[in-house]
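The values are calculated or read from the model by the stated rules, or taken from the named source; none is laboratory data. All of these numbers come straight from a predicted model, not from anything done at the bench. Note that each Cβ is placed from the backbone with ideal geometry, even for glycine, and that neighbours are counted across all protein chains shown. Keep in mind that these areas ignore ligands, DNA and RNA; they rest on the heavy atoms of the full protein, side chains included. Shrake-Rupley method; radii C 1.70, N 1.55, O 1.52, S 1.80 Å.
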Amino acid sequence: MGTPSRRAVLGGAAGVGLGALATQAAATTPGRFSGKVVMITGATSGIGEATARAFAATGARVVFCGRRANLGREIERSIRAAGGEATYIQADVRVPDEVRHFVDGGVRRYGRLDIAFNNAGVQISAKLHEVTAGQWDDVTNTNARGVFLAMKYQIPHMLARGGHIIVNSSVGAIVGRPNLSTYQATKQAVQALVKSAALEYGAQGIRVNAILPGITDTAMIRPPGLDDATWQRALAYLGQENVDGLKKVATPAMIAQAVLGLAGDEFAYLTGACVPVDGGIAAGRRMLVPSL
Ligand SMILES: NC(=O)c1ccc[n+]([C@@H]2O[C@H](COP(=O)([O-])OP(=O)(O)OC[C@H]3O[C@@H](n4cnc5c(N)ncnc54)[C@H](OP(=O)(O)O)[C@@H]3O)[C@@H](O)[C@H]2O)c1
């Protein structure tokens with residue numbers, strides 16, 4: 001075989017580019033996750049809900065938790081009404097027995113566990129010296145210990161046949177932001193869990209990665225009592241002022257698409273990675289969200 005021609009090399013490169021585009025388009029293609037069992041913590045609203053709906057629309061069987069049973073049951077009903085398969089199990093990720101009940105119950109319901117998206121989280125916004133020890137415990141118990149507990153009970157179900165765990169961290173873990181020290185600390189902590197677990201379980205075919213969303217339009221960042229029109233104006237401002245790259249805030253569906261993309265076989269060689277999906281915030285130098 002001779003040296004490949006310049007045209008063949010360029011053609012190959014173009015092929016890679018088109019392949020990547022095809023992968024993107026395929027992330028939410030119906031049937032893409034058919035037969036897979038996906039477990040999501042905190043899918044009663046926001047990014048978790050969007051991800052549960054997106055996985056279910058691609059044929060996955062989805063088991064999800066959250067504390068608000070009325071919302072959980074409503075989302076389960078609406079996914080099924082759309083032809084998908086989902087089961088809501090009430091669980092508080094701060095409580096070990098509830099997390100174990102959720103994980104084991106999900107596996108009993110669908111017979112296996114292929115993909116876990118450990119997403120449940122809360123945010124507190126206050127200056128460090130004003131955060132009480134109780135608030136610190138609550139946020140860390142949810143965002144860091146909750147992820148630890150989910151992984152602790154999920155991994156045994158993946159040891160025999162492999163699997164993929166994706167943790168929802170935040171771009172805030174790698175970019176400082178005033179008034180969010182407690183939250184950011186928890187999001188940095190889960191990145192350490194992800195990297196070490198990826199090394200511990202790679203030989204068993206378990207991949208562990210984190211996604212780092214940027215500012216996303218969910219209840220977590222929306223001040224209570226704001227009307228829709230004011231909120232839309234605030235979002236446009238937040239995007240313009242704080243998202244250095246794309247100049248807009250993400251929708252939950254955008255983050256869900258990224259999770260499905262990462263979960264796919266195209267990223268079979270990705271593990272121990274913390275992937276920003278943030279419109280370019282991490283690439284910039286600042287992230288200052290003025291109080292609204
Ligand atoms: N929005 C953003 O700008 C942004 C940016 C980066 C990362 N994130 C991360 O994305 C994740 C989802 O947040 P979101 O923005 O989608 O906000 P959200 O709409 O408030 O969703 C948070 C979800 O977590 C669940 N949750 C909270 N505490 C829980 C607990 N103790 N046990 C079980 N579930 C619990 C909530 O369900 P229940 O209340 O029903 O329990 C809800 O389903 C969080 O980890 C957050 O840190 C968000």
Q.
Using DSSP H assignments, which helices in the chain have an axial alpha-carbon span of 24 Å or above and a mean Kyte-Doolittle hydropathy of 0.5 or higher?
A. 6-26
Q. Using alpha carbon centroids, what distance separates region 221-288 and region 61-91, in Å?
A. 24
Q) Looking at 106, 133, 240, which one has the Cα that reaches farthest to the positive end of the dipole of the chain (charges on Cβ: Lys, Arg +1; Asp, Glu -1)? A) 106
**Q.** Choice from 30, 252, 223 with maximal GNM fluctuation in the chain (Cα, 10 Å cutoff)
**A.** 223
Q. Who wins for biggest fluctuation among 85, 76, 130 in a Gaussian network model of the chain, springs between alpha carbons below 10 Å?
A. 130
Q. What is the extension gain from residue 138 to residue 68, computed as 0.36 nm multiplied by their sequence separation minus the C-alpha to C-alpha distance, in nm to one decimal?
A. 23.5 nm
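Helix-only mean residue ellipticity at 222 nm, the chain, DSSP H runs n ≥ 4 weighted -39,500 (n - 2.57), per residue, nearest 500. What is it?
Helix-only estimate at 222 nm: -14500 deg cm²/dmol.
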Q | Accessible area of region 135-292 divided out per residue, in Å², using a probe of 1.4 angstrom | A | 46
Q) Among 45, 169, 196, which one shows the biggest mean-square fluctuation in a GNM of the chain, springs joining Cα atoms closer than 10 Å? A) 196
Q: Let me know the whole percent of all Cα-Cα pairs from the chain that are separated by more than 26 Å.
A: 45
**Q.** Sequence-distant lysines (8 or more away, or on other chains) whose Cα lies within less than 24 Å of residue 247
**A.** 187
Q: Tally up the carbon and sulfur contribution to the accessible surface of the chain as a whole percent, 1.4 Å probe, everything protein left in place.
A: 56
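For region 29-101, with every protein chain kept in place, what is the accessible area per residue (1.4 Å probe, Å²)?
41
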Q) How far apart, in nm, are the 7 Å Cα→Cβ label points at residue 233 and residue 112? A) 5.3
Q. Given a 1.4 Å probe and the protein chains all in place, what does the accessible area of residue 220 round to, in Å² to the nearest 10?
A. 80
